[in-house]
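So the structure is just underneath, and the comments pick up after that.
The values are calculated or read from the model by the stated rules, or taken from the named source; none is laboratory data. Keep in mind it's a predicted model, so treat the numbers as computed, not measured. Glycine also receives a Cβ, built like all others from the backbone with ideal geometry; neighbour counts cover every protein chain displayed.
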Amino acid sequence: MHHLLLASQWIGEQSPTSNYIHKTAGLITDPPHATAELFYSTIENVIILTAGYLWGKRALRRQHVQLDAEHGFTHDA
């Protein structure tokens, strides 16, 4: 059990006969790999949230302009 907590090898360097638990423990206890996964997830989430925000802002602006046109609203600059 002690070797599971000290998994010094990255998943790609482990033998193909390693079991699922050993591979998972290796991923979780490998600080560089865990840090890289966290960094990648953060970047991915920022990109997805930014794209969603910009898409939503654009869609709401389009609806606002359409509503103004349908009801004859004008806005002071």
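Six or more apart or on different chains, Cβ under 9 Å: which pairs go from a residue in the stretch 35-47 that's surrounded by 10 or more Cβ atoms within 10 Å (Cβ to Cβ) to one that's of a type outside the set (S, T, Y)? Could you list them?
Once the first residue is surrounded by 10 or more Cβ atoms within 10 Å (Cβ to Cβ) and sits in the stretch 35-47, its partners that are of a type outside the set (S, T, Y) give E37/L27.
Condition first: loosely packed, with under 10 Cβ neighbours inside 10 Å, part of a helix (DSSP H, G or I) and either of a type in the set (D, E, K, R) or at pLDDT below 90 (or both). Now tell me which residues in the stretch 59-77 satisfy that.
E70
Among all residue pairs at least 6 apart or on different chains, which show Cβ distances below 9 Å where the first residue, located in the stretch 50-77, is without any contact (Cβ under 8 Å) to a residue 12 or more places away in the chain and the second is not in a helix (DSSP H, G or I)?
Correct list of pairs: L67/F73; D68/T74; D68/H75.
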